[in-house]
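The values are calculated or read from the model by the stated rules, or taken from the named source; none is laboratory data. It should be emphasised that the depicted structure is a prediction, and the values quoted were computed from it without experimental measurement. For neighbour counting, all protein chains shown are included, and Cβ atoms are generated from backbone atoms with ideal geometry for every residue, glycine included.
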Amino acid sequence: MRWVVTGAAGLLGRDVVRVLSAAPGGADVVALARRDLDVVDADACAAAVAEADVVVNCAAYTAVDAAEADEDAAAAVNARGAGNLAVASAAAGARLVHVSTDYVFDGRASTPYRVSDATAPLSAYGRTKLAGERAVLAGNPDALVVRTSWLYGRHGPCFPKTMVRVGRERGALAVVDDQVGQPTWTADVARVLRDLVVRAAPPGTYHATAGGRASWFAFAGAVLGSAGLHDVVLRPVPSAEYPTAAVRPRFSVLDVDRLAEVGVSPPGDWRERWAAAAGTVLA
């Protein structure tokens, strides 16, 4: 089975390539970074996936705040690029696994979002990712859309690394305490993406996050503890004290029950998974 991974140099993409390559017997993996494939180029997409059995799309415009000033730039990658890969993979007879986000929801819920719940993005980034989901499902009837959230990992900038760096520099941190989600390790998401394909999961939408829930403030406390920075002063603040161009969902907890329904084990509780990941992520 030949896997083509787009966005392969990113935070998630590098773990996807690693997890696939480490499979028993080793998978045939073609890793395409941004410099190797511009997903906005439809002809390039068609050529890149012509011999693929599975395409995993980790390519994304993730500059959430910058997207507010240039939504078309975000849409080019997140919507039109995703659609290009959907059409190209369908033409090649390949399955497409497309990574999406909790930002497709408005964050006004009080119980975990199910895959069937109504979407209502609050930001340009969320709108372009939702448009990408729709383009993928319309362009490839065998596609899997996998939403995740609050990602951290070894291979790129992420919240835990920022907390450790700033904590060491300043000795104090003010962290938002009124946004709630599920801190999720990229290695766990990569495993879920692989398992959905191996298990021949039905096409459609899935959620892949760690279990439980935490505020950014609670996650920061866990991160500082893992780094041994027990003397850093950590102060909870409301989102109003940390204004951003894009509105973030206040509640980003996703229901992952559909994974178990198709025989795929969801990641464990976020605390357990952070304990397992910390040494690698903060190395």
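Would it be correct to say that Leu96 is part of a strand (DSSP E or B), in contact with a strand residue (DSSP E or B) (Cβ under 6 Å, 6 or more places away or on another chain) and in contact (Cβ under 8 Å) with a residue 12 or more places away in the chain? Criteria met by Leu96. Residues of region 159-172 that are over 20 Å from the mean Cα position of the chain (by Cα) and surrounded by fewer than 20 Cβ atoms within 10 Å (Cβ to Cβ): Arg165, Val166, Arg168, Glu169, Arg170, Gly171, Ala172. Selection of region 170-201 for residues being closer than 18 Å to Ser226 by Cβ and part of a helix (DSSP H, G or I) yields Thr186, Ala187, Asp188. Filtered by the rule that a residue be more than 25 Å from Ala63 (Cβ to Cβ) and of a type in the set (Lys, Arg), region 76-111 gives a lone residue, Arg95. Determine whether Gly228 is at pLDDT 95 or above, part of a helix (DSSP H, G or I) and surrounded by fewer than 16 Cβ atoms within 10 Å (Cβ to Cβ). So Gly228 fails the test. Residues in region 12-35 that are at pLDDT 95 or above and exposed (fewer than 14 other Cβ atoms within 10 Å of the Cβ): 1 in all. Residues in region 42-91 that are under 17 Å from Gly139 (Cβ atoms) and either of a type in the set (S, T, N, Q) or modelled with pLDDT under 95 (or both): Asn57, Asn78, Asn84, Ser89.
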